[in-house]
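Below you'll find the structure, written out as structure tokens, and then a few comments.
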Amino acid sequence: MDHNALLDVLDRFEMRGVHSGAAGSSWLKASGKIIDSVDPTTGQVLAQIQLAGPEEYEKVVAEAHEAFLEWRMIPAPKRGEIIDEVTQALREHKEDLGLLISLEAGKIRSEGLGEVQEAIDIGAFSVGLSRQLYGLSMHSERPEHRMFEQWHPLGAVGVITSFNFPIAVWAWNAMIAAVAGDSVVWKPSSKTPLCAIATHKVADKVMQKHGWGGLFGLLIGDRHGVGGPMVDDVRLPLISATGSTEMGRSVGVGVAKRFGRSLLELGGNNAVIVDQTADQNLALSGVLFGAVGTAGQRCTSTRRLFLHESIADSFIARLTGAYKSLRIGDPLLDSTLVGPLIDEGSVKDYERAIRLATEQGGEVLVGGKRIDGPGSFVEPALVRVPSDIPITKEETFAPILYVSTFKTLSEAIFRQNDVPQGLSSAIFSDSVRASENFLSAKGSDCGIANVNVGTSGAEIGGAFGGEKETGGGRESGSDSWKIYMRRQTNTVNWSTQMPLAQGVKFDL
Ligand code: UN1
């Protein structure tokens, strides 16, 4: 597959040249600065995007708010029917959207397609959900009274997404928000603007057809023009933000100041424990995909590996062999397993972490260098560490795996939890006792804990997110929809009396 020949995907989405980064009910003339969308494989500029400025911000948010006021009164199953069509449109564009993810985010072909599939899956989930936004009913303590709760739409939802899942994480939020009766204002990463523009075009075409242009707004901009104003804007009762812990801290504090809700999905520092009973073939593939898949640029990527001392040497030998045979290169080639990092900043972060790990006593077993030539390529690194040295407590968004040994399961669990982040975790074990210990209240402290399944690649059906500096939010499946709605408790008195709760008397 010739990399350059694939650039005509940009024509299919009409994205050559300079493109505006602001869309409400129609594309707006943007007034901010112009940025480049860069192909991380070649360093070539794919297109340019003019960022949204304050005027476009105002227009898009006002339109989303107006659209919400109408959309909230459409019955949820009818909203679901429209989202069903959006999902179908994503299916029809799966190839092209997947290609674009490979071009702009550098994911290998199968992961680019997998990400679009994840967006399709959450669409299908949301359609079903549109008939299941259930509230409970309670038995009132007063005679002839009825108590129940209902879930109402919340408002326009601000969605801030990161470069590493440039389409799926928008879909996690937007599909559920839409069936819940909310509108959406999307601020994508300015590292992957084309993925956002194309996705917006696909979804918006369906929305326009039904007269709902403006329900999904798009604002590609910086912190000054878009991010900051979103955080402060009371017309956005929920801000759902994915990205670094540093970003999440400022979003969380800012939104809390105005008593808004935030849904934060921030950094992870995910570990795998392999015990002495583990099926080592399973463990090897789970660790390999977790650590080097997506070039280590998932929130869920495996960053730490704890091996039982009795199996450590043989496992490390096999893992080292696997690392040596990784095919690194153009993500569009079918044979490639590891694509580039997103940009030079990420390469620098990788180099810094390798340097610090070495200074702190780690030994690089394989990889550890940037690869010369065009593009932001590095060799996935396996670093043996003598203990939990400081660098192992940080999330570096790159393929670096810190390996160490343990003697007892409780030691391994303690060390796994002994980091500021709490997103994903896994144990490879054939022992029921060890696995259940790992999943118990005194086990993993993460939002995701797996047995014989790696740390990354979660399905959409479960709630996704984590504890501590990961931010505490849950999005995607299970009952994550509740944060996109407001709960109302209702009591109806159908008697001819006015009894008070708790037996209080207040008669004249
Ligand atoms: C992310 O990296 O922000 O579980 C999301 C996974 C994917 C989602 C990752 N389904 O790895």
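Quick rundown of the values:
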| item | result |
| --- | --- |
| Single match in K94, K33 (criterion: on the phi < 0 side of the Ramachandran plot, touching a strand residue (DSSP E or B) at 6+ places or on another chain (Cβ under 8 Å) and open to solvent by 50 Å² or more (accessible area, probe 1.4 Å)) | K33 |
| G248 vs. criteria open to solvent by less than 20 Å² (accessible area, probe 1.4 Å) and within 13 Å of the ligand (Cβ to nearest atom) | yes |
| Residues within region 350-373 that are crowded, with 18+ Cβ neighbours inside 10 Å and under 25 Å from P166 (Cβ atoms), tallied | 2 |
| Breaking point among (1) away from the ligand (no atom under 16 Å from the Cβ); (2) open to solvent by less than 30 Å² (accessible area, probe 1.4 Å); (3) outside the structural domain of D121 (by TED's automatic domain parsing), for D430 | (2) |
| Residues satisfying the stated conditions in region 146-195, i.e. away from the ligand (no atom under 16 Å from the Cβ) and in contact with a Ser or Thr (Cβ under 6 Å, 6 or more places away or on another chain) | M147, F148, E149, A156, V179, P193, L194 |
| Checking G228 against (1) touching a strand residue (DSSP E or B) at 6+ places or on another chain (Cβ under 9 Å); (2) modelled with pLDDT of 95 or more; (3) in a helix (DSSP H, G or I), the condition it does not meet | (1) |
| In region 441-454, the residues that are on the phi < 0 side of the Ramachandran plot, assigned to a loop (DSSP other than H, G, I, E, B) and either of a type in the set (A, V, I, L, M) or open to solvent by 40 Å² or more (accessible area, probe 1.4 Å) (or both) | A441, K442, D445, V453 |
| Residue match in region 383-395 (condition: among the small types (G, A, S) and either in contact with a His (Cβ under 9 Å, 6 or more places away or on another chain) or buried (at least 21 other Cβ atoms within 10 Å of the Cβ) (or both)) | no |
| Some residue of region 455-466 being surrounded by 17 or more Cβ atoms within 10 Å (Cβ to Cβ), in the same structural domain as T320 (by TED's automatic domain parsing) and away from the ligand (no atom under 14 Å from the Cβ) | no |
| Test: residue in region 281-296 that is surrounded by fewer than 23 Cβ atoms within 10 Å (Cβ to Cβ) and part of a loop (DSSP other than H, G, I, E, B) | no |
| Residues within region 203-227 that are open to solvent by 10 Å² or more (accessible area, probe 1.4 Å) and either of a type outside the set (G, A, S) or without any contact (Cβ under 8 Å) to a residue 24 or more places away in the chain (or both), tallied | 11 |
| Search result, residues across region 484-508 that are outside the structural domain of L133 (by TED's automatic domain parsing), open to solvent by less than 70 Å² (accessible area, probe 1.4 Å) and assigned to a helix (DSSP H, G or I) | A501, G503 |
| Residue list for region 60-75, filter: assigned to a helix (DSSP H, G or I), farther than 12 Å from L218 by Cβ and not aliphatic (A, V, I, L, M) | H65, E66, F68, E70, W71 |
| Single unsatisfied condition, S137 versus (1) in contact (Cβ under 8 Å) with a residue 24 or more places away in the chain; (2) of a type in the set (S, T, N, Q); (3) over 23 Å from G267 (Cα atoms) | (1) |
| Tally of residues being surrounded by 23 or more Cβ atoms within 10 Å (Cβ to Cβ) and assigned to a helix (DSSP H, G or I) across region 100-110 | 6 |
| Test: residue in region 64-72 that is touching a strand residue (DSSP E or B) at 6+ places or on another chain (Cβ under 6 Å) and surrounded by fewer than 17 Cβ atoms within 10 Å (Cβ to Cβ) | no |
| Count of residues meeting criterion [out of contact with any Phe, Trp or Tyr (no Cβ under 8 Å at 6 or more places or on another chain) and farther than 14 Å from N270 by Cα] in region 281-301 | 4 |
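The values are calculated or read from the model by the stated rules, or taken from the named source; none is laboratory data. Since this is a predicted model, take the numbers as computed values, not measurements. Every residue, glycine among them, receives a Cβ derived from its backbone with ideal geometry; neighbour counts consider all protein chains shown. What goes into the accessible areas is simple: the full protein's heavy atoms, side chains included, and nothing from ligands, DNA or RNA. Shrake-Rupley method; radii C 1.70, N 1.55, O 1.52, S 1.80 Å.
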